[in-house]
Amino acid sequence: MSHHPHETPILDFNPEPGTFVATLVQNKRITDPKHTQDVRHIDLSIKDPGFPGYYPGDVLSMRPRNLAKDVDDFLEYNGWTSIADRPLTIFQNLSVHFTKNEDEKEKLREFVSPEGQDDLYSYCHRVRRTTFEVLKDFRDVQIPLDYIMDLFPLIMPRSFSIASASLTAVQKQQQQQQQYQSGNNNGGSDSRAIHAVNGDLTTGIMDGELEWKVGLCVAIVNYKTKLWKWRTGVCTRWLKDLPSIEDVRAAAAAPSSSIEKSKTTETGLIAREPAQFSIRIQRGTLKLPKDPNVPLICIGPGTGVAPMRSFLHHRIYVQGATENVLFFGCRKRNMDYHYCEEWEQLEREGRLKVFTACSRDQ
Ligand SMILES: Cc1cc2nc3c(=O)[nH]c(=O)nc-3n(C[C@H](O)[C@H](O)[C@H](O)COP(=O)(O)OP(=O)(O)OC[C@H]3O[C@@H](n4cnc5c(N)ncnc54)[C@H](O)[C@@H]3O)c2cc1C
C-alpha cells in the first residue's frame, strides 16, 4: 500500500470586485464513458451573504488558471525557474527586438506586416498553436523579464450559461423567515434545511446560512487539429480535474486499498478540500414571459440545453407552468442525450413535451 501526501487545492485567487467565491459540489460526467465527448454537469455552491442571486438564462463566468505543470515547463524553458514563484499566464505576443537571429527577425517582421496577416493567421490558428509552441519555434527569442507583464496578460474569463434555476434573494429570505418561525413554533431547535421546491433550486439554508446552488453543463474541449495534434481548452481542462465536495467525501470514505482510484489534484496528491474559485454573474439576454400561462418553446441541442434547463426549471418549479416544449438534438440517444431521465420524468408528469433529433441514430 502506498501513502499519498495530502494537499488542499483551495485556489489562491485575488478576488476581483463583483466576484463571489464558489465551492465545487459536483463534477459529474453526463455523457456515456464510451462517447467521444466528455460533457459534465457541474454544481457550485455560493454562500457569500452579498451574493445577489441570479435569474433564469443568466451566465456565470470564471477565470481559469494554467495547470501547474504547463507553467513549470514554460518557466523552465525560459530559464526562469529560479526567480518565478508564481504561475505566469501566457499569450501570443512577440517582438522583433527579442531575438538576435536575423531569420527570426525577418519572419516576425513579415508576420506583423499587412501582407503577412494571412500567413500569421494560418500559422497561429490553423493548428491552434500555443504561445509556448511559438516560443519553441523561435528558439533565439529571449523575453526580457521587464516585459513579462506587457506580454502576458491575464487569462480571459470563460462564460457558461447557467443550467439551473434559483429562488430570488427575496423569496429565499422569506423562506428563511418562515423556516425560523415554524422552527420556533415547534420549540424549534432545528434551524437546518428548508424544503426546497426542487433539489436544484437551492440546497437549502444550513444552520441559518443562505446557500445558492448553480448548475452548469460544460463540454470539455479536447480535439485533434488538422495536423492531428491533440488540443485541450484552457478552462475546461482546468475545470475537469478540480476536486468536488463529492470527490473529497468519496476519498474519505474509500478503503485505503482503493485510495489510488480517488480523485487527486493536478500534482497527483489526494484532494482533502473541494476546489473554490471566484465567479461572476452576468445578466442573460433572453427573458422569460412574465405570465406562466404563455406557452414556451425551447430549442437547445447539446450543451445549448443549459439555458433552456434554467428556463424550464424556473417555469416548472417556481411558476408551476405546464405549457413547456423542448427541442433537443444530440448524436446518439444512449450516449449524449443530456438530462434524459429528468426530461422523461417531467413528460410523465405532464409538465413538459420533448422532441429529440439524434442524428447518428437515424
Ligand atoms: C454566453 C456564453 C455562454 C456559454 N455557455 C456554455 C455552456 O453552457 N457550456 C459550455 O460547454 N460552453 C459554454 N460556452 C463556451 C465557454 O465559454 C468556453 O468558450 C468553452 O468552454 C471553451 O473554453 P476553454 O477555455 O476550455 O477553451 P479555449 O482554451 O478557450 O479553447 C477553445 C478553442 O478551441 C477551439 N475548438 C474547440 N473545439 C474544437 C474542435 N472540435 N475543433 C477545432 N477547434 C475547436 C475553439 O474555437 C477555441 O478557439 C459559452 C460561451 C459564451 C460566450
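The values are calculated or read from the model by the stated rules, or taken from the named source; none is laboratory data. Please read all numbers here as calculations on a predicted model, not as lab measurements. When we count neighbours, we look across all protein chains shown, and the Cβ atoms used for this are built from the backbone with ideal geometry, even at glycine.
Kindly check whether there is at least one residue in segment 284-291 that is in a strand (DSSP E or B) and surrounded by fewer than 18 Cβ atoms within 10 Å (Cβ to Cβ). First the steps, then the outcome.
Of the residues in segment 284-291, the ones in a strand (DSSP E or B) are none.
No.
Quick one: would you say A306 is at pLDDT 95 or above, of a type in the set (A, V, I, L, M) and away from the ligand (no atom under 16 Å from the Cβ)? Here the answer is no, as A306 does not meet what is asked. When every residue of segment 57-64 is checked against the conditions, none turns out to be crowded, with 16+ Cβ neighbours inside 10 Å, within 16 Å of the ligand (Cβ to nearest atom) and at pLDDT below 85.
Taking segment 298-344 only, how many residues are of a type outside the set (S, T, Y) and closer than 16 Å to H41 by Cβ? Break it down into steps so the answer makes sense when it comes.
Let us first name the residues in segment 298-344 that are of a type outside the set (S, T, Y), namely 298-302, 304-309, 311-316, 318-321, 323-336, 338, 340-344.
Now drop any that are not closer than 16 Å to H41 by Cβ, which leaves 300, 302, 304-309, 312-313, 328, 330, 335-336, 338, 340-343.
Residues in segment 298-344 being of a type outside the set (S, T, Y) and closer than 16 Å to H41 by Cβ: 19 in total.
Could you list, in sequence order, the residues of segment 292-337 that are part of a helix (DSSP H, G or I) and touching a Gly at 6+ places or on another chain (Cβ under 8 Å)? Hits for segment 292-337 are G302, A306, P307, M308, R309, S310, F311, D336. Pairs are defined by a Cβ separation below 8 Å, a sequence spacing of at least 6 or placement on different chains, a first member in segment 237-254 that is without any contact (Cβ under 8 Å) to a residue 24 or more places away in the chain, and a second member that is of a type in the set (V, I, T) and more than 13 Å from the ligand (Cβ to nearest atom); the pairs so defined are A251/I259; A251/I270. Go through segment 338-362 and give me each residue that's in a loop (DSSP other than H, G, I, E, B) and in contact with a Gly (Cβ under 8 Å, 6 or more places away or on another chain). Of everything in segment 338-362, just one residue is in a loop (DSSP other than H, G, I, E, B) and in contact with a Gly (Cβ under 8 Å, 6 or more places away or on another chain), namely H338.
Out of the residues in segment 66-85 meeting the condition of being touching a helix residue (DSSP H, G or I) at 6+ places or on another chain (Cβ under 6 Å) and part of a loop (DSSP other than H, G, I, E, B), tell me which one is nearest to the ligand (Cβ to nearest atom).
Taking segment 66-85 and keeping what is touching a helix residue (DSSP H, G or I) at 6+ places or on another chain (Cβ under 6 Å), we get 74, 81, 84.
Those still in the list that are part of a loop (DSSP other than H, G, I, E, B) too: 81, 84.
Values: T81: 25, A84: 22 Å.
Taking the candidates together, the pick is A84.
Take the conditions (1) touching a helix residue (DSSP H, G or I) at 6+ places or on another chain (Cβ under 9 Å); (2) at pLDDT below 90; (3) closer than 30 Å to V71 by Cα; V318 misses just one of them, which is (3).
Consider segment 215-258 and keep the residues that are away from the ligand (no atom under 16 Å from the Cβ) and touching a strand residue (DSSP E or B) at 6+ places or on another chain (Cβ under 7 Å). The one that is modelled with the lowest pLDDT is A251.
Answer yes or no as to whether C330 is closer than 27 Å to D38 by Cα, within 16 Å of the ligand (Cβ to nearest atom) and under 26 Å from the mean Cα position of the chain (by Cα). Explain how you work it out, then say what you get.
Values: closer than 27 Å to D38 by Cα: yes; within 16 Å of the ligand (Cβ to nearest atom): yes; under 26 Å from the mean Cα position of the chain (by Cα): yes.
For C330, the condition - closer than 27 Å to D38 by Cα, within 16 Å of the ligand (Cβ to nearest atom) and under 26 Å from the mean Cα position of the chain (by Cα) - is met.
Inspect segment 37-46 for any residue being more than 13 Å from the ligand (Cβ to nearest atom), crowded, with 18+ Cβ neighbours inside 10 Å, closer than 20 Å to M156 by Cα and β-branched (V, I, T) and give the result as yes or no. Within segment 37-46, not a single residue is more than 13 Å from the ligand (Cβ to nearest atom), crowded, with 18+ Cβ neighbours inside 10 Å, closer than 20 Å to M156 by Cα and β-branched (V, I, T).
Of everything in segment 135-154, what is among the aliphatic types (A, V, I, L, M) and loosely packed, with under 12 Cβ neighbours inside 10 Å? Give them in sequence order. Give the derivation first.
Start the filter on segment 135-154 by keeping residues that are among the aliphatic types (A, V, I, L, M), which leaves 135, 141, 143, 145, 148-149, 151, 154.
Passing the criteria: L145, M149, L154.
Taking (1) out of contact with any Leu (no Cβ under 8 Å at 6 or more places or on another chain); (2) modelled with pLDDT under 85; (3) surrounded by 18 or more Cβ atoms within 10 Å (Cβ to Cβ) in turn, T31 satisfies each apart from (2).
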